[in-house]
Amino acid sequence: VKLPAAKITRVRISRKHRTARLSFTAHPQTNQFQCALIRHAKKKRKPRFSSCKSPKTYRHLHPGRYTFEMRALSAAGASRIAKRTFTV
């Protein structure tokens, strides 16, 4: 059984509306994903993953830098983490 390959396919950031919308997929197909959003700060934080679906939208974000991380899950295990950093 092959591990899924996770990929972030589209990112739309609106600084005006303080939102981020991220689309992602995995091959071979899986419908189980986990996402985490990390706000950059002086103190390094570990990602806290929770179940999610594509596309994932975050609203009411405070201005600053963020890193979105996602991984796909299958019977074979978890994929490598796909990351995207952006600024609001």
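What follows is calculated from the coordinates using simple rules that are stated; it is not laboratory data. From a predicted model like this one, the values you see are computed outputs, not experimental measurements. Cβ sites come from the backbone with ideal geometry, for glycine too, and all protein chains shown count toward neighbours.
Spin-label point model (7 Å from Cα, Cβ direction): what's the residue 40 to residue 11 distance in nm?
With each label placed 7 Å out from Cα toward Cβ, I get 1.1 nm.
Taking 25 Å as the cut-off for C-alpha to C-alpha distance, list the pairs among 42/83; 2/46; 16/46 that go past it.
Beyond 25 Å between Cα atoms: 2/46; 16/46.
Mind ordering 51-62, 16-27 by average Cβ neighbours within 10 Å, highest first?
Packing order, densest peptide first, comes out as 16-27, 51-62.
Wrap a convex hull around the Cα atoms of the chain, take a quarter of its surface area, and give that in square nanometres.
Mean projected area of the Cα convex hull: 5.5 nm².
Between residue 87 and residue 2, what is the FRET efficiency for a Förster distance of 35 Å, r being their Cβ-Cβ separation, to the nearest 0.05?
The pair residue 87/residue 2 has a calculated efficiency of 0.50.
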